[in-house]
Amino acid sequence: MIRYPNPLKLGNTIGVTAPSSGVDETLHHLVLNARRQFEKRGYRVTVGNTVWTQNKSASAEKEIRAAELMAMFKNPEISTIIPPWGGEILMEILPLINWEDIDPKWILGYSDTSTFLFALTVKTGIATAHGPNFVELRSDVWEPVASKFMDVLQATAGSDIEQHSSEKFQSKWQHDAPDDPYVYKLDSPTEWKSVGSGNIELEGRFLGGCMDTIRHLVVTPYGDVTSFQKNFLNDEPILWYFENCEMNATDFHRTMLQFVYAGWFENSTGILFGRSPAGQEVKGFTVLDSMERIKELTGLPIVYDADVGHVPPQITFVNGASGRVTVENGKGKVKTTLR
């Protein structure tokens, strides 16, 4: 059985900690602005020491990062945890986490944060939220698709949350652009696509994250998908969602084959891929070539160019929750049920 955190309520405290990368001094204003936006909306914000430092691709020593994260989980005054953003080597802290001592509490993010989200859900059955990072929530107005993360964090167990694909997405990051009306600068039409077919409908338990980082959880205690399904899902099938941050087409394909060979797709209903800033063609081999081969190998329906990950805006996916994804005429709809 999946365990769902208590809903975030007005007046509750959000904890911000950096289990992967911290924020360079020149960008501290992004954190301060995001904190101000949550406070304006009626929430308290506690920012941990790790957020303000960055050295050798991490916010702090792994022991410090793990300790601060665990302290926020154990602090009854903190109801939700949102890291500033992802990073590179969160994986270092996984052996330092006391998994049996974590009570359900929402943690939200993507990129390297998804490494922890994935491990937490797989090892404990606690639902986690794959959605916007803290620093992306620093504007007076929150982009409509991304803002649905609040519907997730405020939902009670048993609730349904419906989300819809964006009209446009942001083709290139513009960190120096003004936050007007919101952080993202949407300039390209969104179209959800499927491999080999048009309209599509998928159902299953959501699980996924950033391929670049969660692939390293294969054949570790933090990526035992078979045990997760048996222990927490009563062997219900998984509906996978992935996003590719930096891998070229052949690295993408090797990663997908690794998932196949590890048995991650043996009890699954489909795969959803987010838009990617990467996926560069290698000597004529493309990401679409990979998807077609993976579809042939697994027999699973595949959707791509969805609102997931590093090319905003993004829908919030709840690891462990029941989900239904429909794609019709290039538009996507995601229904999440917290059961």
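Values computed for the structure shown
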item	result
Candidates per chymotrypsin sites (Phe, Trp or Tyr not before Pro) in the stretch 151-237, loop by DSSP, up to 15 other Cβ within 10 Å	Trp173
Cα gyration tensor, the stretch 79-127 - rounded (a/c under 1.5), prolate or oblate	oblate
Whole-number percent relative contact order across the stretch 244-339, with pairs defined as alpha carbons under 8 Å at least 6 apart	28
Inter-label distance for Ser197 and Glu100, nm, one decimal - labels placed 7 Å from Cα along Cα-to-Cβ	4.5
Beta bridges per DSSP with both ends in the chain, % antiparallel, nearest 5	50
Sparse-neighbour loop sites [chymotrypsin sites (Phe, Trp or Tyr not before Pro); the stretch 270-332; at most 15 other C-beta within 10 Å; DSSP]	none
Antiparallel %, DSSP beta bridges [both residues in the stretch 199-339], to 5	50
For the stretch 161-166, Karplus couplings with θ = phi - 60° (6.51, -1.76, 1.60), whole Hz, Gly/Pro x	10, 10, 10, 10, 5, 6
Extension gain from Lys333 to Glu281, taking 0.36 nm per residue of separation minus the Cα-Cα distance	15.8 nm
Gain upon complete extension [Thr326, Asp180; 0.36 nm per residue less C-alpha separation]	49.4 nm
Translational diffusion of the chain, µm² s⁻¹ [Kirkwood Rh, Cα pairs; Stokes-Einstein; 4 °C; 1.567 mPa s]	65
Cα lying deepest toward the dipole's positive end in the chain, options Ala278, Thr255, Gly131, charges on Cβ	Gly131
Of all accessible heavy-atom area on the chain, the percent that carbon and sulfur account for (1.4 Å)	48
Rounded, prolate or oblate (a/c below 1.5 giving rounded, otherwise prolate when a/b exceeds b/c) for the stretch 176-273 by Cα gyration tensor	prolate
Accessible area expressed per residue, the chain, with surrounding protein chains retained (probe 1.4 Å, Å²)	41
Inter-label distance for Leu297 and Ser188, nm, one decimal - labels placed 7 Å from Cα along Cα-to-Cβ	2.6
Lysines with Cα under 22 Å of Lys74, excluding same-chain neighbours fewer than 8 positions away	Lys9, Lys62, Lys105, Lys123
Global geometry of the stretch 199-337, whether rounded, prolate or oblate, following the gyration tensor of its Cα atoms and the 1.5 cut on a/c	oblate
Farthest positive-ward along the chain dipole, Cα basis, beta-carbon charges - from Leu233, Pro312, Asn199	Leu233
Given charges at beta-carbon only (K, R positive; D, E negative), |dipole| of the chain in Debye	520
Lys123 - accessible surface, heavy atoms, 1.4 Å probe, Å² rounded to 10	70
Trypsin sites (Lys or Arg not before Pro) restricted to DSSP loop in the stretch 30-87 with at most 14 other C-beta within 10 Å	Arg41, Lys56
Area of Ile64 that stays accessible when all protein chains are in place (1.4 Å probe, Å², to 10)	90
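The values are calculated or read from the model by the stated rules, or taken from the named source; none is laboratory data. In this text, all values refer to a predicted model and were calculated from it rather than measured experimentally. Because the Cβ atoms are built from the backbone with ideal geometry, glycine has one as well, and the counts that use them run over all protein chains shown. Ligands, DNA and RNA are stripped out before the accessible areas are found, and what is left, the full protein with its side chains, is counted by its heavy atoms. Shrake-Rupley method; radii C 1.70, N 1.55, O 1.52, S 1.80 Å.
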